[in-house]
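Quick notes on the structure that follows.
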Amino acid sequence: MIHWTHGGEDRSARWHSEADAAAPRRVVPADDTLPADAAYRMACEGTGLLWQGDFQNARHLLQALMRRADGRGRKPGGARGRAKASASTPAPDGSGPAQAFHLHRQAQAQRARVLGMLLIPVQGDHTIALRRAPDWRPALAEAWGAPDGTPRVVALRELLGIVGAHEWRKKGVEVPALGTPPGNRIHPHYGVFSPVRGEYVELVAQAPLPAGAKALAFDIGTGTGVLAAVLARRGVRRVVATDQDPRALQCARENLQRLSVLPRVDVQEADLFPAGRAPLVVCNPPWVPARAAAPIERAVYDEDSRMLRGFLGGLGAHLETGGEGWLILSDLAEHLGLRSRAQLLAWIEEAGLRVLGRHDTRPRHGKAADPADPLHAARAAEVTSLWRLGAAA
């Protein structure tokens, strides 16, 4: 719960943060009379600004805070400036890219903390009782579930993320590997990572299927269900798709139903593997060994390479004789100095596996061609690979 005083009355509401961010220690009412510079100073100090004014003016204030946060980050010596400098001039011992990455993450976290100080009260029925506030009840119900009558306070930035996810869910993401429109769209749910980087999906769509794979395949960490759908569209008669996130499980089932392949896909809750063995086991784990700052980031950041090492360590026990494990992995972590190729190969060998082959592709996302990005050097060199793994002889 968070507490504040308004109009001489003590008030309180439940604090809600998908990222499990701590509630601001101090919360003060704010409205249209608050200057942006004063708001930014208070936000930097950790004071929550609970908005009581016009909703659209709150959005304008958030944009003003963003400009100030980004402008501050571009000053010489700022976290973003140091990150960019480290990335462009790596140290002789190879620490430059890793330092740039950590500085970049620190800058992102600080920016998120400051922008997360602009707060919006949400009523127990998911309405926002502010002047010119939009009706976001459908989007909030998708993210939070049905209204339970409990008032909440949430960062405006998080609310905008919920609404953005709602729009993506309605619109969907076109995945060319699934065929021609309109039956090739994946609709990500809030909190489930969207398959916006299609190159890794195309690797799964194009790699030759091993013997027996048309009968059964496992998709480990299915997320939106996109890889399970690709395998089903390729003629695999039964796919077992696993995930441990309830949102992902629901998202995958809905997408697979929409794509008319759900009868051939068994979606199961599991931490990594289902029971049994298969001639093909596919996994696209998070690519970067770092701590996720929010649940949605768990699709990108995998602290201590937990999922990657878990997949490699358990693969042999879930492969049929002569079967293949497909590991879809970017080498971005190698270019950032966070994990070496030698370490990856050592984990493969320690798991009793061998590399049967590899299919590579280059990224096509915008950041790979953006020299202003602090991690541009690593992103420009990135290669995404489908590693074909089998049991060691």
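FYI, it's all coordinate maths here, none of it is from the lab. What you are looking at is a predicted structure, and each value in this text was computed from that prediction instead of being measured. Cβ: placed from backbone, ideal geometry, glycine included. Neighbour counts: every protein chain shown.
Which angle between 0 and 90 degrees, to the nearest 10, do you get for helix 95-115 versus the longest principal axis of the chain when only C-alpha atoms count?
It is inclined by approximately 40 degrees.
Taking the simple approach of a point 7 Å from Cα along Cα-to-Cβ for both residue 237 and residue 306, what is their distance in nm?
A separation of 3.8 nm, rounded to one decimal place.
What's the extension gain from residue 148 to residue 257 if we count 0.36 nm per residue and subtract their Cα-Cα distance?
Value of the extension gain: 36.4 nm.
Please work out whether the stretch 211-338 counts as rounded, prolate or oblate from its C-alpha gyration tensor, where a ≥ b ≥ c are the square roots of the eigenvalues and a/c under 1.5 means rounded, while otherwise a/b larger than b/c means prolate and anything else oblate?
It comes out oblate by the Cα gyration axes.
Please report the antiparallel percentage of the DSSP beta bridges confined to the chain, to the nearest 5.
Antiparallel bridges make up about 50 percent of those DSSP assigns within the chain.
May I ask for the net charge around residue 187, where only other residues with Cβ less than 9 Å from the Cβ of residue 187 are counted and Lys, Arg are +1 while Asp, Glu are -1?
Once positives and negatives cancel, what remains is +4.
For the stretch 184-305, calculate the relative contact order in percent as a whole number, restricting contacts to Cα pairs under 8 Å that are 6 or more residues apart.
Normalised by residue count, the contact order of the stretch 184-305 is 26 percent.
For the stretch 143-159, what does the Karplus curve 6.51 cos²θ - 1.76 cosθ + 1.60, with θ = phi - 60°, yield as ³J(HN,Hα) per residue in whole Hz, taken in order and with x for Gly and Pro?
Each residue of the stretch 143-159 in turn: 7, 9, x, 5, x, 10, x, 9, x, 9, 10, 9, 5, 4, 4, 5, 4 Hz.
Tell me which of 22, 178, 188 sits at the most positive position along the dipole axis of the chain, charges placed on C-beta atoms (Lys, Arg +1; Asp, Glu -1).
178
If you look at just the Cα atoms of the stretch 281-393, how large are its Rg and its Dmax in Å?
When restricted to Cα atoms, the stretch 281-393 yields Rg and Dmax of 14.7, 49 Å.
Need one number: nm distance between label points at residue 372 and residue 11, each 7 Å from Cα along Cα→Cβ, rounded to one decimal.
Using points 7 Å along Cα→Cβ, the separation is 3.9 nm.
Whose amide H sits under 5 Å from the amide H of residue 136, counting only residues 5 or more places off or on another chain, with H placed in the peptide plane?
Residues meeting the amide H criterion: 128.
Treat each spin label as a single point 7 Å out from the Cα along the C-beta direction, and report the residue 361 to residue 277 distance in nm.
Once both label points are built, they end up 3.1 nm from each other.
Report, in deg cm²/dmol and to the nearest 500, the calculated mean residue ellipticity at 222 nm for the chain, where each DSSP H run with n ≥ 4 adds -39500 (n - 2.57) and the sum is divided by the residue count.
-11000 deg cm²/dmol
Sort 280-289, 217-226, 105-114, 162-171 for me by packing, meaning the mean count of neighbouring Cβ atoms within 10 Å per residue, highest on top.
Per-residue mean Cβ counts within 10 Å order the peptides as 217-226, 280-289, 105-114, 162-171.
For the chain, modelled as a GNM with alpha-carbon contacts under 10 angstrom, which of 138, 182, 97 fluctuates the most?
182
Taking the Cα centre of the stretch 259-393 as the origin, how large is its charge dipole in debye, to the nearest 20, when only Lys and Arg (+1) and Asp and Glu (-1) carry charge on their Cβ atoms?
I would put it at about 240 debye.
I want the antiparallel fraction of DSSP beta bridges within the stretch 176-391, as a percent rounded to 5. Please report the intermediate quantities before stating the final value.
Values: 14 of 32 bridges.
Around 45 percent antiparallel, to the nearest 5.
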